[in-house]
1. Of everything in the range 119-131 that's in contact with an Asp or Glu (Cβ under 9 Å, 6 or more places away or on another chain) and part of a helix (DSSP H, G or I), which residue is surrounded by the most Cβ atoms within 10 Å (Cβ to Cβ)?
2. Taking L116 as meeting all but one of (1) farther than 25 Å from N33 by Cα; (2) hydrophobic (A, V, I, L, M, F, W, C); (3) surrounded by 14 or more Cβ atoms within 10 Å (Cβ to Cβ), write down the number of the exception.
3. So which pairs qualify, if the first residue must be in the range 138-166 and in a helix (DSSP H, G or I), the second must be crowded, with 16+ Cβ neighbours inside 10 Å and small (G, A, S), the Cβ gap must be under 7 Å, and the two must be at least 6 apart or on different chains?
4. Say whether the condition of being assigned to a strand (DSSP E or B) and closer than 26 Å to C122 by Cα is met by at least one residue in the range 88-97.
5. Can you say whether G128 is at positive phi and within 18 Å of the chain's Cα centre (by Cα), as far as the supplied structure shows?
6. Looking only at residues that are surrounded by 14 or more Cβ atoms within 10 Å (Cβ to Cβ) and not hydrophobic (A, V, I, L, M, F, W, C) in the range 163-176, which one is nearest to V88 (Cα to Cα)?
7. Please indicate, with yes or no, whether at least one residue in the range 87-98 is out of contact with any helix residue (DSSP H, G or I) (no Cβ under 7 Å at 6 or more places or on another chain) and either over 16 Å from A165 (Cα atoms) or among the β-branched types (V, I, T) (or both).
8. Would you confirm, using the coordinates I've provided, whether L115 is without any contact (Cβ under 8 Å) to a residue 12 or more places away in the chain, of a type outside the set (D, E) and either within 25 Å of N125 (Cα to Cα) or not in a helix (DSSP H, G or I) (or both)?
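The values are calculated or read from the model by the stated rules, or taken from the named source; none is laboratory data. All figures in this text were calculated on a predicted structure; none of them were measured in a lab. Here Cβ is always computed from backbone atoms with ideal geometry, including for glycine, and neighbour counts include all displayed protein chains.
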Amino acid sequence: MSSSDPEKVVSKLHELHREVDARTGPLTHLHKNRLQCKKGCFDCCVDHLTVFEIEAERIKRGSPHVLTMTPHPEGKCAFLNSHGACRVYENRPYVCRTQGFPLRWLEEDEEEDALLEYRDICPLNEEGDPLVELAEEHCWTLGAVEGQLASLQIEFGGPALKRVALRDLFHKPSGS
């Protein structure tokens, strides 16, 4: 661990997640007719998701009882229950807080010396205005929050890009 107080860093993560939730609220309202994401929809809850160690720590601290349960069978997120609901919803990581929204990100095209904009959305939420016609502010822009998470990860004492598989958070039975 770094010299930073782990409690303070986890508290900063809670605040960042609250900010993300506040910023996604207007997107939820704006896209209410398009978003099919509801309790029980778990098409995007895929297996082998990884999160920053700091977000894994939030799950460990906020939902320790879940980590003693049997994970959801492989093929879907380990944190789903038998009805497809998230067992760590209050402590879910950033990627789960923004899933389903129209996403946009910029990538550098070195050959053209330009930034290219890309957009994507869950196939279940495609119906509606074409993504290319949406104003920037009507999409969730990737990049800034990921940078903040990387900074928190460093402050927590880990390498900026080190990730943890969600399935690996579950307690392994003795002898495994």
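1. The selected residue is L131.
2. With (1) farther than 25 Å from N33 by Cα; (2) hydrophobic (A, V, I, L, M, F, W, C); (3) surrounded by 14 or more Cβ atoms within 10 Å (Cβ to Cβ) applied to L116, the lone miss is (3).
3. From residues that are in a helix (DSSP H, G or I), the pairs are L166/A78.
4. No: zero hits.
5. no
6. Among them, the one singled out is R167.
7. Yes, there is a match, as at least one residue in the range 87-98 is out of contact with any helix residue (DSSP H, G or I) (no Cβ under 7 Å at 6 or more places or on another chain) and either over 16 Å from A165 (Cα atoms) or among the β-branched types (V, I, T) (or both).
8. Considered against the rule, which asks whether it is without any contact (Cβ under 8 Å) to a residue 12 or more places away in the chain, of a type outside the set (D, E) and either within 25 Å of N125 (Cα to Cα) or not in a helix (DSSP H, G or I) (or both), L115 comes out as yes.
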